[in-house]
Amino acid sequence: MNINILYEDEEVIVCEKPAGVAAQTRRLGQADMESLLKNYRAGKGEQPYIGVVHRLDQPVRGVMVFAKTKEAAADLSRQVQTKMADKFYYAVTDGVPEQKKGTLEDYLLRDGKTNTSKVVSKSTEGAKSARLDYEVTAQNKTNAVLRIRLDTGRHHQIRVQLANAGIPIVGDTKYNFKETMTRSGNGLLLCSYKIGFKHPKTHKKMEFEIRNPFLI
């Protein structure tokens, strides 16, 4: 599998994860970005270390940054955990939000047995706050394209929050109960199109972006 590498130096690799490929997995025989990038580095005669510092759901395509050293991994992980790293998404929703711009704030609880999350009350044990900002960039009578900025990084956050708001993502077979298969046949219509972070060594602000793949 060819990897679309957007940027690389001695500390980081920024690349585009294809839809359907896991960022990291323990399943034997299943290709994931971690193993693909390790093989890529080994093929160049480098030490095949890859630090996974953030996640992207397996059905979701988009930009990811990986560390090439343990020091870079620690710095990037800290940025992700302290919300210093910026992550932006496009999503096609089944339905159109009433407000063209807005913020969704909920509390989510993850169920490890079913690999799903749900919106719960603030007082629920184990609940974690979830916040995102969205803006409608295009729409028709039945769908909208949303540009989303994540403020928190919870399990399946965008998918759960949009479904709870009554505008689930097209092609989401876990949370969109209006349909079991996407009309387009292109899978889950969610893409991480932009990421921003400070370089772990130079501390220079870096941003990487791919074009919006969704037209309605």
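Since every read-out is calculated from the coordinates, none of them should be taken as a lab result. Predicted model, so just to flag it, every value in this text is computed and none were measured. Note that we place each Cβ from the backbone using ideal geometry, even for glycine, and neighbour counts take in every protein chain shown.
Could you pull out the pairs from Lys174/Lys198; Lys17/Lys38; Lys70/Lys174 whose alpha carbons sit more than 24 Å apart here?
Violating the 24 Å limit, Cα to Cα: Lys174/Lys198; Lys70/Lys174.
Highest GNM mean-square fluctuation among Arg131, Arg159, Arg26, for the chain modelled with Cα contacts below 10 Å: Arg26. Summed over qualifying helices (DSSP H, 4 residues or more, each -39500 (n - 2.57)) and divided by its residue number, the chain shows a 222 nm mean residue ellipticity of -4500 deg cm²/dmol. Less than 14 Å Cβ to Cβ from Ala74, Lys/Arg counted +1 and Asp/Glu -1: what total charge do the surrounding residues give? With Lys, Arg at +1 and Asp, Glu at -1, the neighbours total +2.
For Val96, Val60, the sequence from fewest to most other C-beta atoms within 10 Å is Val96, Val60. For the chain, the Kirkwood hydrodynamic radius from C-alpha pairs, put into Stokes-Einstein at 4 °C and a viscosity of 1.567 mPa s, yields a diffusion coefficient of 71 µm² per second. Of the residues Arg27, Arg61, Arg41, Arg55, the one with the fewest other Cβ atoms within 10 Å heads the list, and the complete ranking is Arg27, Arg55, Arg41, Arg61. Note on Val14, Val136, Val160: ascending count of other Cβ atoms within 10 Å places them as Val136, Val14, Val160, the fewest first.
Under the definition of Cα pairs under 8 Å and six or more residues apart, what whole-number percent is the relative contact order of region 1-156? 18 percent.
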